Protein chains: 4
Amino acid sequence: MAGNTFGEVFKITTFGESHGQAVGVIVDGVTPGVELTEAYIQKQMDRRKPGQSSVTTPRKEYDVISIKSGMFEGKTTGTPLFIMLENKDMRPEAYSDIQNAFRPGHADYTYLQKYGIRDHRGSGRASGRETAGRVAAGAVARKLLEHRGVQVVAYTKELGGIRCETYNEEVIEQNAVRACDPDAAVRMIERVEQLAAAGDSCGGIVECRIRGVKAGLGEPVFDKLDAELAKAMLSIGAVKGIEFGAGFAAAGMLGSEHNDEMNASGFVSNNAGGILGGISTGNEIVFRIVVKPTSSISVPQQTMNIHGEEQQIITEGRHDPSICPRIIPVVEAMACLVLEDHYKRQAAMLG
Amino acid sequence: MAGNTFGEVFKITTFGESHGQAVGVIVDGVTPGVELTEAYIQKQMDRRKPGQSSVTTPRKEYDVISIKSGMFEGKTTGTPLFIMLENKDMRPEAYSDIQNAFRPGHADYTYLQKYGIRDHRGSGRASGRETAGRVAAGAVARKLLEHRGVQVVAYTKELGGIRCETYNEEVIEQNAVRACDPDAAVRMIERVEQLAAAGDSCGGIVECRIRGVKAGLGEPVFDKLDAELAKAMLSIGAVKGIEFGAGFAAAGMLGSEHNDEMNASGFVSNNAGGILGGISTGNEIVFRIVVKPTSSISVPQQTMNIHGEEQQIITEGRHDPSICPRIIPVVEAMACLVLEDHYKRQAAMLG
Amino acid sequence: MAGNTFGEVFKITTFGESHGQAVGVIVDGVTPGVELTEAYIQKQMDRRKPGQSSVTTPRKEYDVISIKSGMFEGKTTGTPLFIMLENKDMRPEAYSDIQNAFRPGHADYTYLQKYGIRDHRGSGRASGRETAGRVAAGAVARKLLEHRGVQVVAYTKELGGIRCETYNEEVIEQNAVRACDPDAAVRMIERVEQLAAAGDSCGGIVECRIRGVKAGLGEPVFDKLDAELAKAMLSIGAVKGIEFGAGFAAAGMLGSEHNDEMNASGFVSNNAGGILGGISTGNEIVFRIVVKPTSSISVPQQTMNIHGEEQQIITEGRHDPSICPRIIPVVEAMACLVLEDHYKRQAAMLG
Amino acid sequence: MAGNTFGEVFKITTFGESHGQAVGVIVDGVTPGVELTEAYIQKQMDRRKPGQSSVTTPRKEYDVISIKSGMFEGKTTGTPLFIMLENKDMRPEAYSDIQNAFRPGHADYTYLQKYGIRDHRGSGRASGRETAGRVAAGAVARKLLEHRGVQVVAYTKELGGIRCETYNEEVIEQNAVRACDPDAAVRMIERVEQLAAAGDSCGGIVECRIRGVKAGLGEPVFDKLDAELAKAMLSIGAVKGIEFGAGFAAAGMLGSEHNDEMNASGFVSNNAGGILGGISTGNEIVFRIVVKPTSSISVPQQTMNIHGEEQQIITEGRHDPSICPRIIPVVEAMACLVLEDHYKRQAAMLG
């Protein structure tokens, strides 16, 4: 109801604010008897953590996870996994200047309208810090999906107006913006550094490819696989849109162009993005999301404060000039959560 | 779990196949004591029904609804409303030729993979006929939203490559394609008729505007208002993408451009599309969806049959050359369902 | 939320009032490919219907079910089964005298307090008529449980102060009160007929035995198998208590008496009633429920009306002098729903 | 699905095993802006903790709670409260002798059957330690119910065959068995000490009274207020039955005796236990639960081990000879959770 839980069978519940004592997640519905280590999860956390390069914030979040329940002698027991991260670099005083003013692009105004009270320290619950629990839980789902032969990979497709022209999966984790085209990556980094110097930020597009999903996954009416992935992605703070397969280009296509024909080997094309009628086709699942520019910028902006007075604001602090590089492990985590949940839902139906 | 239910407080469950005996919906969580008539709901059904113009299928679906429970002396009682539509124009024999072949763009192949059994008559559960229950339930939500001062309007923004240049809300229901620009509408209709004659179909873009929603609606983590709207829209058969506010254009914008500044009167711009941090800002909520071209075309296509053999297929029958005009009441219905549910969720939190 | 849905994977949603147009149920999460007939379901409906004997109401409810979706060529398809019963013997005028007065033991007063509006015709949604949908859905669950080797049988253990002394499963469906002891049954019927003649009613105890459930079913914290069965049984109108295995007698036992010891063949006794830590032991599951006397009696009683005035009331009409005989198929149906749901939940966890 | 979550609006999710690193709870759906302190919650924890008297285990569990999120400047923010208790007195080696044998009355056998893996240290997830999270969450619900004028009190009604003859609410927290009759309490304590000395244990009956609940609470079909309370109570480890109002005695009553008549001031009697048709009447809600004798006894018992071999077992360790005194705060906590959830559900329906 209050929306801090995601999934039906493989179900996660997160808690925590950016400057509270801790953030974390309870992962429920985990298959028992599966080998799992903190190191395996930590690897995904490290991809999300700040300070990885010149294009991410130097802020230290101490993303060190600890599994506090649900494990016995190195294996999952089927009871809830509780994974926690302590907040160690809390500096609430750094936010005292924004205590009363609504930062443009942030959820300051809407939280106050919703709850009548607001934890203004570092965006509180609306902080990107909240995604730490998602990535930890997503790593558990990823481990289960490995046993199913499913692979999920996301990368920057476009950043600051620069678009990848080639696709090379090898290079993604080797450049600071996680782009799939090494040449574009160089120009993207240059662009982001320029913007950072100017106190501004930029948006981008992240693409996700999922391979190895068998045909027949997804619930065909309200819980279509694409509908669930759309919800999962739009639940990530900065995401403002999603498209599957041919996506928005389908608006200009004919049925005879968009329909994916079949031959004896299967589908000849993949305009559907691997999903038909909400159910996986067995093809690669492909979607793209648009990531808005980071809201925290040091360019002066006009805003209102809680007394209804106009004022200028400069959002100082340690912020990512683009969210794309660090959102990628979150995108993958959410995709893993949706997929593992639907595998288990399929098992439930047939079971 | 099996995904035939939508919503948490204002909750609907649909049933029915295109060529079974009936389709319909149970609407649960309805506010008691609200005046409601079958005529009010029927008005929305009539906007969805086939045969409204040259650009929609001449098929007759007899979309006459009947409320069979949950009402007493003209008012809702708070118990479930059951709304049913009998299927009267069933011609399963019309589909005997597609019994064994997988129609490109349809869910024939994926349903068989998922369930191991498939009702091939007119797409079965995957038929657009399923949306009749949604529109009926959406009309109930719309009635409750009227009391809250909320208005939801959707319209064709682009069709067959032709884009609306002006916005005139008055004309939407007065042209066969439900476009917001009367001149564009004329050219769209011409284009669709051409394509229909050629046995082909085209895609388009539908835009939805929601006015009167107070600031503070939406659950800020997984059940963000935009995340829920995204799921709702992607759960409609032909929808392949969604974007809010500036949408995919945000990929090329700077933070200083995309952030909506505020003055004492509120937000100066609306790149966010009326939602920040998953919570409504009080501004107009604006989103666009891409609608793929109708999959059923009479252009010959290559496909596979259930025996794994290649064959050609022509999807004969009575089909819409574009889905946009008839999807609009479904889009509005789903938006109404999300909104009414979130109003009640907000009441629950504060209650 | 509004509580008209039961189950998580095998999930039912009911609707309908006693004197509306219809009652029924949507059954979601049904295993696809299972052979099912209306006759199979009807058999259970006939056990629940009124007018079976001198100890049940002569009221005719026309409990003829019709499956309107989710079937294809005699098999389930995995899409929602919609099962409906039309109400044909509606005589709302028969209830005009109770329109304004609150009948003792009924939900008249509480419904009005909750909703601010009340459908007074024959108890509306609070009528036992609502259980028709449950029995229909329970029959579907029973069919799936047959394939798992599970048997559910309930019977009258005590009625009007008369207790069964022997257990003979053969005789249960052969006497009008569905008692397990034929001698006790004769005396029970005599007692009930006396009370009916006096316009009064009596309570009783129903016992349920479930055989063939494998060890390991049930979710061990909040959704314990006994917790879910307790909720299912207390959700039936006239049930005021439940106990498992040794039940309330455990209050007077020692640990050394109550603990079920094991030998190499399994459990030596069954004080636990087949459930330990919320999970099935593989033993017979045994529970008893207490059924309050029918509230509708023609003995004059003191009550209040909607204007807050005191008055006498006689609940005339066609009522069962005891609810036990007709509640038995409802008890079995609810037990089947809980079990089938938990089998599928177990499959989900392992899947 | 896996059943570690309880409630719909006011929703809790617990985690933790008795000998893992921590136990705790996420409380979601909390009203924002409510003053709350750790001390308020700790007070309830202290009622549940071991070592309070000669009739409870001397084991130290260090039930010190810490709220790690969802609070700001002493008030709830509407985001999830995370409440944790570290496990500090872990002595897993104390359980090495029961590693392979199934303790009678415990969930050892059923957990292994369900999951195929078992954390044998101190009952793992099946330990009473799990209820710490429930009591913490229940304290939050209790705080919200205080503002509604609702009071929940539970007490020992019968223990070791000794029954309370008088009702004096003042004395409940002043005697070690939390009985409502001080004379009976003296005899109960004597009885329990005898049994403890003999290495045995005894069962009892706990009664709960809830005052101040307005008429109209509860969802009338599957989520009846009594059905939800029944599930909540049966979800507590040692509870084997529940009855409302007149309870099982209703089996021997006539309708003219059991029906609660009304006069202008309301209900004259309360055989219904404060609930009619699943909805609160405004009267005191009254129910009783039966608590089985503690399973852990040092009397030698016959059992099986994981190799299928018969053996004798003595469950040594620090155990409560009766569960009643320490289950009382758990019973109250679960009742508070059900009530607060239903208040919010009612607000949702009307909202």
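General observations
- Scanning chain B for long hydrophobic helices, with DSSP H runs required to stretch 30 angstrom or more by C-alpha along their axis and to average at least -0.5 on the Kyte-Doolittle scale, returns B:324-350.
- Spin-label model, A:A198 to C:A197: label points 7 Å out along the Cα-to-beta-carbon direction sit 10.0 nm apart.
- In loop segments of the range C:1-76 as defined by DSSP, the trypsin sites (Lys or Arg not before Pro) with at most 13 further C-beta atoms inside 10 Å of their C-beta are C:K60.
- Label points for A:D46 are taken 7 Å from Cα along Cα→Cβ. From this copy to the others they lie 4.6, 6.7, 7.0 nm apart, shortest first.
- Near the amide H of A:A107, within less than 5 Å, lie no amide hydrogens of residues on another chain or at least 5 residues away, with H placed in the peptide plane.
- For the range D:178-328, fraction of C-alpha pairs farther apart than 29 Å, in %: 36
- Here is the size of the protein assembly as shown from its Cα atoms: Rg then Dmax, 31.2, 95 Å.
- Most mobile listed residue (A:G133, A:G149, A:G218) in chain A, GNM with C-alpha springs under 10 Å: A:G149
- Taking a Cβ cut-off of under 13 Å around C:V268, the surrounding Lys, Arg, Asp and Glu residues balance to a net charge of -4, with basic ones at +1 and acidic ones at -1.
- Summing charges over neighbours of D:F287, with a neighbour being any other residue whose Cβ is under 15 Å away from its Cβ, gives +2 when K and R count +1 and D and E count -1.
- Across peptide A:29-37, the mean count of Cβ atoms from other chains lying within 10 Å of each residue's own Cβ comes to 3.
- Choice from B:A215, B:A136, B:A176 showing the highest fluctuation, given a GNM over chain B with Cα pairs closer than 10 Å: B:A215
- Integer Hz, Karplus 6.51/-1.76/1.60 couplings in order for the range D:292-300, x for Gly and Pro: 6, x, 3, 6, 6, 9, 9, 5, x
- Chain B: proportion of alpha-carbon pairs further apart than 40 angstrom, %: 14
- Neighbouring partner chain Cβ atoms per residue of A:260-270, average, 10 Å criterion: 5
- For the range A:198-237, the fraction of C-alpha pairs more than 16 angstrom apart is 56%.
- Taking amide H positions as modeled 1.01 Å from N, with prolines and chain starts lacking one, the residues under 5 Å from A:S66 and 5 or more places away or on another chain are A:M84.
- Note on the range B:282-351 and the range C:204-275: Cα centroid distance 48 Å, given to the nearest whole angstrom.
- Near B:R148, once Lys and Arg are set to +1 and Asp and Glu to -1 for all other residues with Cβ below 13 Å from its Cβ, the sum equals +2.
- Put a plus charge on the Cβ of each Lys and Arg, a minus charge on the Cβ of each Asp and Glu, and nothing anywhere else: the dipole of the protein assembly as shown about its Cα centre is then about 0 debye.
- GNM result for chain B, Cα springs below 10 Å: residue of B:G266, B:G212, B:G247 fluctuating most strongly: B:G266
- Mean-position separation - Cα centroids, the range D:116-147 and the range A:32-78, in angstrom: 26
- Cross-link pairs C:K49/C:K292; C:K214/C:K292; C:K240/D:K114; B:K11/D:K240 - those with Cα-Cα distance over 22 Å: C:K214/C:K292; C:K240/D:K114; B:K11/D:K240
- Rel. contact order, % - alpha carbon contacts under 8 angstrom, at least six apart, chain A: 22
- Estimated FRET transfer efficiency (D:A264, D:E170; beta-carbon r; R0 35 Å; 0.05): 0.60
- Amide H contacts of D:V34 (H built 1.01 Å from N, under 5 Å, at least 5 apart or other chain): D:T76
- Shortest first, D:E35 label-point distances to identical copies amount to 4.6, 5.6, 7.0 nm, with the label point at 7 Å from Cα along Cα→Cβ.
- Working from label points 7 Å from Cα in the Cα-to-Cβ sense, the D:I314 to D:N100 distance is 2.0 nm.
- Positive end of the dipole of the range A:231-351 (Cβ unit charges, origin at the Cα centre): among A:L337, A:F244, A:I314, the Cα lying farthest that way belongs to A:L337.
- Rh (Kirkwood; distinct C-alpha pairs) - the range C:211-267, Å: 13.8
- Modelled FRET efficiency - R0 25 Å, B:E190 with B:Q52, Cβ distances, 0.05 increments: 0.90
- Low-density loop positions, GluC sites (Glu not before Pro), the range B:115-194 - DSSP coil, at most 11 other Cβ in 10 Å: B:E165
- Using θ = phi - 60° and Karplus 6.51 cos²θ - 1.76 cosθ + 1.60, couplings along the range C:168-175 (whole Hz; Gly, Pro as x): 9, 5, 4, 8, 3, 7, 9, 10
- Working note: 222 nm ellipticity from helices only, DSSP H runs with n ≥ 4, each -39,500 (n - 2.57), summed and divided by the residues of chain D, gives -8500 deg cm²/dmol to the nearest 500.
- The other copies place their B:T166 label points at 5.1, 9.0, 9.2 nm from this one, listed shortest first, where each point is 7 Å from Cα along Cα→Cβ.
Bear in mind these aren't lab numbers, they're just calculated from the coordinates by the rules spelled out. Please read these numbers as outputs of a predicted model, since none were measured by experiment. Methodologically, a virtual Cβ is constructed for each residue, glycine included, from the backbone with ideal geometry; neighbour enumeration extends over all protein chains shown.
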